[in-house]
Every structure is written in C-alpha cells, then in structure tokens.
Amino acid sequence: MPHKPLVFSGIQPTGNLHLGNYLGAIRNWIGLQAQHECMFCVVDLHALTGDFLDPALLNTATRRVAAAYIASGIDPAKSIIFNQSQVPAHAELAWIFNCVARVGWLNRMTQFKDKAGKDRERASAGLYVYPNLMAADVLLYKATHVPVGEDQKQHLELMRDIAQKFNNDYGVPEFFPLPEPLIMGPATRVMSLRDGTAKMSKSDPSETSRILLSDPPERIVEKIRKARTDPAPLPDSVEGLAGRAEADNLVAIYAALSGETKATVVARYAGALFSRFKEDLGERLVSVLAPIRAEMLRLEDDPSHINRILAEGSARARARAAPVLQDVFDIVGFVKAER
Ligand code: AMP
Ligand code: TRP
C-alpha cells in the first residue's frame with residue numbers, strides 16, 4: 001500500500017527567524033504547495049526543550065513564526081498551518097515512540113550533543129527525546145516528505161528507524177511510511193556571517209552573525225557589508241571557493257536568492273571584489289526580504305487574525321490525527337474504554 005504524498009515540516013518558536021530558516025526551509029515549502037498537500041507546524045512543544053523560555057516570548061514567537069510562514073507565501077486556505085501543542089496526539093504518539101526508540105540511537109544524535117554542550121547532566125530530558133517527538137510530528141499524519149535544512153538529516157534517519165521498528169515489532173508492514181528528507185537548493189546550510197565554519201543560528205550571541213526576517217533594509221545591507229570575507233577577489237570557478245568558507249557562503253546565499261547555481265554566479269563575478277559583490281547581494285536580499293517583513297508586520301498587528309488561522313489549522317490537524325492515533329492504540333493493544 002503506497003502512501004499518499006503529504007509534506008510536513010516545522011520550526012521552533014524560540015526566537016526570531018533568520019535567513020538560514022528561510023533559505024534552508026520556508027522558501028522551499030512555497031513551491032511544494034502547488035503539487036502536494038502540506039502541513040506546516042509551529043513546534044511549540046519542542047521550544048520548551050532548551051533553556052527556560054519566557055512564556056510571553058513563546059507566545060509572541062509562536063504567532064511570529066506563523067506570520068513568517070504566511071508572509072513568505074504559505075497559503076492557509078490550502079496548507080494546514082498550526083501549532084503543535086494544540087494537537088495532543090503529538091505528545092501521545094511521542095510517548096509511544098519514546099518506548100520504540102533505543103537509548104543507543106538517541107546517544108548518537110549530534111544535535112543533542114551540540115545543544116546540551118559540556119554539561120550534559122543539566123540538559124532537559126525533553127532535549128534528549130526531542131527526535132522522538134519530531135518523529136511523532138511527521139508520522140502522526142503518515143507524512144511522506146519532510147523539507148528541512150541539512151542539519152535535520154540525522155533526525156530524519158532516526159525517524160525512519162522508528163517507523164521501521166514500529167512496523168516490524170508490531171507486524172504491521174507499511175503502517176508508517178518511511179519519510180524522505182527534502183534538502184533542497186544551494187543554501188541547505190547557511191553559515192554565520194562572522195564565521196564561515198559555524199551554522200547561522202538563532203542562538204549565536206552575535207546579532208551580526210545572522211540576517212533576521214525582521215531586519216529593516218538598511219540593517220540587512222549593513223550586515224552584509226560587514227560580513228567577514230578573505231581579501232581575495234571572487235574566483236572564476238566553484239572549485240576556487242574551496243577552503244574559503246565565508247566566500248562560499250555568500251555565493252551560496254546569492255545563488256539561492258537568484259535561483260541560479262553557484263557556478264553561474266561565480267562565472268558572472270569572476271575577479272570582482274567582494275565589496276562590489278556584497279552590494280549586489282545586499283540589494284537582492286532586500287528585494288526578497290523587505291516585502292516579507294512588511295507583510296509580517298501587517299499580520300502581527302492583528303494577533304486575532306493569526307489566532308484564527310492557527311485555530312482552524314489545529315482543528316484540521318486534529319481531525320487527521322485522530323484515526324491514525326486510534327489505529328496505533330489498537331495496534332499496541334490499548335483497551336478502548338467505552339460504554
Ligand atoms: P530551527 O530554527 O532549528 O527550528 O530550524 C527550522 C528549520 O530551519 C529546519 O528545517 C532547519 O534545518 C532550518 N535551518 C536552521 N538553521 C539553518 C541554517 N543555518 N541553514 C539552513 N537551514 C537552517
Ligand atoms: N527539529 C526541527 C528543527 O529544529 C524542527 C522540527 C520539529 C521539525 N518537528 C519537525 C521539522 C517535523 C520537520 C518536521 O529544525
């Protein structure tokens with residue numbers, strides 16, 4: 001029984017969205033809507049796995065992530081936009097997956113090691129089982145395709161292992177699909193503007209390391225102008241970017257924005273100084289991000305509108321989740337309490 005294609009992805013409402021979230025994830029979602037059914041989640045349960053998060057911040061960030069989805073072109077009439085906490089079945093299936101996934105599997109997760117840092121004893125238990133909840137997000141709907149940035153690849157492999165083990169253990173071949181990661185475009189791993197070897201991230205202490213979707217145009221231009229580069233001009237081939245992490249990153253960002261390959265971009269700018277390239281890159285960024293920012297501001301002005309979209313999306317998600325969770329309960333042998 002082949003599974004019907006369904007796209008699922010999500011972002012944590014833990015801070016302001018940046019260019020990495022946009023180019024690695026959201027931007028790739030837009031096009032998928034035309035051909036596939038899609039669900040885009042604001043993963044507020046996942047947001048609790050890090051350091052203590054101010055409830056007011058979580059509240060605003062949840063609406064802001066939803067606003068970013070819509071402002072970027074996710075159509076709430078077509079795709080389901082919702083926040084995870086409003087569909088209790090995510091947490092219920094995650095518990096079952098806590099009992100399917102092996103401790104040895106979780107111990108291999110590099111994101112846990114990165115996020116927990118040196119003092120692993122102090123990490124939340126939630127951070128440890130984070131990938132099981134992520135597997136539940138996707139498998140609860142039997143979603144088949146998961147568009148994410150490069151950093152999520154390992155979590156997707158674990159998700160497939162969980163699906164496979166559940167199917168095998170319970171003798172229900174093909175009950176869960178084995179979801180495919182969709183890691184698309186030339187900017188699947190956008191790097192920090194301050195350090196070409198570190199990922200652009202919400203948690204980097206330096207604000208100039210990332211471009212925010214909420215940055216005004218002049219701030220974007222300034223951050224790009226100040227972005228670290230080496231003193232050499234642009235090379236005339238992609239091979240010439242080897243060992244030049246910062247240069248490579250800026251070219252990848254440009255290529256993702258213009259819809260070209262890195263090869264086309266370096267061919268055009270061969271021998272040019274970075275000062276000139278950065279001017280063009282800043283302009284391109286502003287032309288893509290300024291309209292998104294304007295629309296985000298407009299949407300955030302009307303929180304009840306976003307609340308309604310999330311409420312409607314959650315209702316649609318709950319309706320889809322219920323029969324799958326019931327099947328899982330039956331498969332594992334829970335007695336249904338009914339009179
Ligand atoms: P997060 O901010 O960790 O919730 O990530 C949300 C989505 O953005 C995931 O699909 C990530 O893979 C993607 N993402 C986060 N940071 C980057 C980055 N620096 N480059 C590319 N994709 C990213
Ligand atoms: N772990 C993802 C991240 O940090 C966020 C996420 C949670 C997700 N659940 C998901 C992504 C389900 C795709 C599908 O980027």
Report task. Any chance you could tell me what percent of the C-alpha pair distances in the stretch 248-310 go past 20 Å? Result -> 43
**Report entry** Stretchable slack from Arg316 to Glu295, in nm (0.36 nm times residue separation minus alpha-carbon distance)
**Finding:** 5.1 nm
**Report entry** Computed over the chain: relative contact order in percent, which uses C-alpha pairs under 8 Å that are six or more apart
**Finding:** 23
Requested in this report: Working from the alpha-carbon coordinates of the stretch 207-297, get Rg over Rh, Rh being the Kirkwood radius.
Outcome: 0.98
Query raised in the report: At a Förster distance of 35 Å, what's the computed FRET efficiency of Asp327 paired with Gln35, Cβ-Cβ distance as r, to 0.05?
Result: 0.85
**Report entry** Solvent-accessible heavy-atom area per residue, rounded to whole Å², over the chain at 1.4 Å
**Finding:** 47
Requested in this report: Would you work out the relative contact order for the stretch 207-297, in percent, from Cα pairs under 8 angstrom that are 6 or more residues apart?
Outcome: 39
Query raised in the report: How far, in nm, would the chain grow between Leu273 and Arg339 when pulled straight, counting 0.36 nm per residue and subtracting the alpha carbon separation?
Result: 16.1 nm
Requested in this report: Report, in deg cm²/dmol and to the nearest 500, the calculated mean residue ellipticity at 222 nm for the chain, where each DSSP H run with n ≥ 4 adds -39500 (n - 2.57) and the sum is divided by the residue count.
Outcome: -16500 deg cm²/dmol
**Report entry** Residues of the stretch 1-22 with amide N under 11 Å of a point placed 7 Å along Cα→Cβ from Glu174
**Finding:** 1-4
Query raised in the report: Roughly speaking, to the nearest percent, how much of the chain's 1.4 Å accessible area is carbon and sulfur?
Result: 53
Query - Reciprocal mean inverse distance between Cα atoms of the chain - Kirkwood radius, Å - result: 21.2
Query raised in the report: To the nearest Å, what is the center-to-center distance of the stretch 223-267 and the stretch 2-18, using C-alpha atoms only?
Result: 28
**Report entry** Alpha-carbon Debye profile of the stretch 1-121, log10 I(q)/I(0) at 0.13, 0.15, 0.18, 0.20 Å⁻¹
**Finding:** -0.64, -0.85, -1.14, -1.29
Query raised in the report: Separation of the stretch 40-64 and the stretch 269-308 by C-alpha centroid, Å?
Result: 23
Report summary line: Rounded to one decimal in nm, the spacing of the 7 Å Cα→Cβ label points at Ala242 and Val103 is 4.4
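The values are calculated or read from the model by the stated rules, or taken from the named source; none is laboratory data. All values derive from a computational prediction rather than experimental measurement. We place every Cβ from the backbone using ideal geometry, glycine too, and count neighbours over all the protein chains shown. Note: accessible area is taken over every heavy atom of the protein model, side chains too, but ligands, DNA and RNA are not part of it. Shrake-Rupley method; radii C 1.70, N 1.55, O 1.52, S 1.80 Å.
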